[in-house]
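The values are calculated or read from the model by the stated rules, or taken from the named source; none is laboratory data. Just so it is clear, the structure is predicted and the values come from calculations on it, not from any experiment. Glycine also receives a Cβ, built like all others from the backbone with ideal geometry; neighbour counts cover every protein chain displayed.
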Amino acid sequence: MPELPEVETVKRGISPHLIGRVFSDVIIRDPRLRWPVDSELANHLCGQEVLSVERRAKYLLIRLAAGHLLIHLGMSGRLYFTGADTPIGKHDHLDWRLDDGQILRYTDPRRFGAVVWVEGDNVASHKLLAKLGPEPLLDEFNAAYLFKRAGKRTVPVKSFLMDAHVVVGVGNIYANEALYMAGISPTREAGSISLARYTRLVFAVKEVLDKAITQGGTTLKDFVGGDGKPGYFKQELQVYGRGGQPCWTCMKELSEIRIAQRTTVFCRRCQR
């Protein structure tokens, strides 16, 4: 599933081609995504200029004068630019035609993604966004905030870190990597971790996500960026996908367990 770095990479890839352009047509071939695509989408968009392309958590927000187009890539969704003569694939569900002749195409084999129109300026209050936690790369996500939110919670810190109500966009891959970098066991209760250790964890989250964005995300199965190129952060993963292999710090075999049904890899010696 595309995580925050992958979605940010897509945003940066499509923005230069979208901002300032005007939608001339919308073609919906299959509206059956996570929620049915609005049949009036063309009426909402056509003739409107794209003012900005933003990201909130794993949602892309395309801002127009009349509202926002929210796009979530789900498990296997992809956005890419193409021409009118490009053959239409089995899973190419939507086309947005632009005034310069380009087509922004949405393809999604599993159809877990979403395309939602939100009328007006106050997109932050939409039910999909209203209860989300802070962005991990902004200053409001800091050790004091995380320590306070943890309180006396007994959930594993990995589950706590992946809770979008606490902080958005720290998916499974990056939670594994950040906890390893911070030297914190993913099984530790969130409320048992000190402020000093949360300071290290916040730094690790920001470091891991920033590096992943710089390298275009992590290529696992379906992901490619908005420019059609794969991400390369997978080459630097220290624990995720390496269960049973030696820890690069102490050479002890990395453990692989399941926490909340998600693969969790860590070093029992280096993380406590």
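Within region 143-167, which residues are assigned to a loop (DSSP other than H, G, I, E, B) and of a type in the set (D, E, K, R)? Before you say what the answer is, go through the steps one by one.
Of region 143-167, the ones assigned to a loop (DSSP other than H, G, I, E, B) are 151-155, 162-167.
Those that are assigned to a loop (DSSP other than H, G, I, E, B) and of a type in the set (D, E, K, R): 152, 153, 163.
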Test of understanding: among 140, 135, which residue is loosely packed, with under 15 Cβ neighbours inside 10 Å and assigned to a loop (DSSP other than H, G, I, E, B)? 140
Give the residue, chosen from 213, 259, that is within 20 Å of residue 201 (Cα to Cα), of a type outside the set (Gly, Ala, Ser) and at pLDDT below 90. 213
Pick from region 43-56, criterion buried (at least 17 other Cβ atoms within 10 Å of the Cβ) and either hydrophobic (A, V, I, L, M, F, W, C) or at pLDDT below 95 (or both), ranking: farthest from residue 107 (Cα to Cα): 50
Would you check which residues across region 168-182 are surrounded by fewer than 24 Cβ atoms within 10 Å (Cβ to Cβ), part of a loop (DSSP other than H, G, I, E, B) and either of a type in the set (A, V, I, L, M) or out of contact with any Leu (no Cβ under 9 Å at 6 or more places or on another chain) (or both) and list them? 168
Any chance residue 3 is at pLDDT below 95 and among the acidic types (Asp, Glu): yes
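Of all residues being touching a residue at least 60 places away in the same chain (Cβ under 8 Å) and in contact with a helix residue (DSSP H, G or I) (Cβ under 7 Å, 6 or more places away or on another chain) in region 68-95, which is surrounded by the fewest Cβ atoms within 10 Å (Cβ to Cβ)? Just the residue, please.
Going through the qualifying residues, I end up with 81.
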Matching residues in region 1-55 - criterion: being closer than 16 Å to residue 65 by Cβ, of a type in the set (A, V, I, L, M, F, W, C) and in contact with a helix residue (DSSP H, G or I) (Cβ under 9 Å, 6 or more places away or on another chain): 23, 50, 53
Would you check if residue 237 is at pLDDT 95 or above and crowded, with 17+ Cβ neighbours inside 10 Å? no
Just the residues that are β-branched (Val, Ile, Thr), assigned to a strand (DSSP E or B) and at pLDDT below 95, please, taken from region 70-90. 82
